[in-house]
Amino acid sequence: IFRLGNRNLYPWLFLALAAAANIAAYLLLPQAKALELYLPVTAAVAGFVHFLYSQHHQETQLFVNLFEKFNARYDSLNERLNAIVAHPAKDLTPEEKEVLFDYFNLCAEEYLFYKSGYIDQDVWLSWLAGMKYFAQNAAVLSLWESELSSA
């Protein structure tokens, strides 16, 4: 799964793979042949780790893009969501339901991208905490459960 902090592992991965590959070459090949393969083996390992790091970098860029878009959409809903939960003992208006449906859809999209590996786990856990906060409101929870049961 995608984790932002994984980028710190790539130098260690390179060292471990390069050491393992060169030790294997030393042990399995005649010494003269092993010596001339150290540089190509190390370059091949470097290329492989660079490919993995490039993939991580692309996933990070996608994550940043998604993060910015999700946060912008949430920011446009935040004030209205907080107004809804500020009044826990009332029926929801059609406008409030529309705001909540927009929020539910946003949560579903965030979850989809998290399950697909494009959203960092720590970010998802933070988002989940926000969902739990809004679900403390009985009217919000009732609408949420109604939507889940009809899906």
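In the stretch 131-151, the residues that are of a type in the set (Gly, Ala, Ser) form Cβ pairs under 6 Å with partners that are part of a helix (DSSP H, G or I), at six or more places apart or across chains, as follows: Ala135/Leu141. Put simply, of Tyr111, Tyr118 the only residue that is open to solvent by 70 Å² or more (accessible area, probe 1.4 Å) and touching a Leu at 6+ places or on another chain (Cβ under 7 Å) is Tyr118. For the stretch 91-129, the set of residues classified as over 12 Å from the mean Cα position of the chain (by Cα) and of a type in the set (A, V, I, L, M) consists of Leu92, Val99, Leu100, Leu106, Ala108, Leu128, Ala129, listed by residue number.
Somewhere in the stretch 19-31, is a residue of a type in the set (S, T, N, Q) and surrounded by fewer than 14 Cβ atoms within 10 Å (Cβ to Cβ)? Walk me through it before giving the result.
Restricting attention to the stretch 19-31, the residues satisfying the condition of being of a type in the set (S, T, N, Q) are 22, 31.
With surrounded by fewer than 14 Cβ atoms within 10 Å (Cβ to Cβ) added as a condition, the list becomes 31.
Yes, the stretch 19-31 has at least one match.
Taking the stretch 1-24 as the range and being modelled with pLDDT of 90 or more and either of a type in the set (A, V, I, L, M) or in a loop (DSSP other than H, G, I, E, B) (or both) as the test, the residues that pass are Leu13, Leu15, Ala16, Leu17, Ala18, Ala19, Ala20, Ala21, Ile23, Ala24.
The residues on offer are Asp102, Asp91, and the sole one that is exposed (fewer than 10 other Cβ atoms within 10 Å of the Cβ) and either in a helix (DSSP H, G or I) or at pLDDT below 90 (or both) is Asp91. Of the numbered criteria (1) at pLDDT below 95; (2) within 22 Å of the chain's Cα centre (by Cα); (3) among the aliphatic types (A, V, I, L, M), the one Ala138 fails is (2).
The values are calculated or read from the model by the stated rules, or taken from the named source; none is laboratory data. Note that the structure is a prediction, hence the values are computed from the model and not measured. As a convention, Cβ positions derive from the backbone with ideal geometry for all residues, glycine included, and neighbour counts pool all protein chains shown. Surface accessibility is based on the protein's heavy atoms, side chains included, excluding ligands, DNA and RNA. Shrake-Rupley method; radii C 1.70, N 1.55, O 1.52, S 1.80 Å.
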